[in-house]
């Protein structure tokens with residue numbers, strides 16, 4: 001497991017289907033590449049999506065349950081004293097992007113990952129640390145995604161993510177991500 005923050009928590013509440021630990025052999029928490037992959041994501045975001053630094057968005061963990069990203073409230077507060085909706089949408093979209101990218105990397109694939117469709121439902125205000133979780137889809141969906149990518153050089157992955165608070169999910173995010181071969185390999 002990769003976890004830079006002891007507060008990243010172990011209680012995971014996927015929106016639809018939790019991954020079965022026995023089916024996550026390739027996504028094992030014993031995979032030493034997780035820490036490197038997590039560092040790479042944060043370095044990539046700092047370099048190519050600089051606004052994430054100002055917002056304090058960081059990948060905190062990538063484990064058998066999925067991706068957890070966090071951001072502090074202070075730089076993301078709105079005039080009502082709660083998290084800005086744009087920050088919530090951004091961290092949710094980035095959590096899905098990171099999960100898609102990391103699933104591909106763990107399978108030995110390199111791809112450009114883009115969001116194709118995304119919708120956010122805001123359910124409750126967030127008045128503290130922002131925690132976004134993007135659960136791994138079932139093993140069969142991941143396998144189909146990887147097979148399609150290997151066959152056609154592009155594939156789509158549907159993901160769900162949520163903003164976690166003590167009171168439950170404050171925001172829900174449904175998205176489809178597109179993975180395509182990098183331009184030089186197309």
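Points worth noting:
- Residue exposure sequence - 160, 141 - by fewest surrounding Cβ within 10 Å: 141, 160
- Cα gyration tensor shape for segment 58-186, rounded if a/c is under 1.5, else prolate or oblate: prolate
- Potential lengthening of the chain between residue 167 and residue 154 amounts to 0.8 nm, from the contour at 0.36 nm per residue minus the alpha-carbon distance.
- Spin-label model, residue 116 to residue 178: label points 7 Å out along the Cα-to-beta-carbon direction sit 0.7 nm apart.
- Our estimate of slack between residue 127 and residue 140, defined as 0.36 nm per intervening residue step minus the Cα-Cα distance, is 1.0 nm.
Bear in mind these aren't lab numbers, they're just calculated from the coordinates by the rules spelled out. Computed from a prediction, not measured in an experiment: that's the story for all the values here. Glycine gets a Cβ as well: all are built from the backbone with ideal geometry, and neighbour counts include every protein chain shown.
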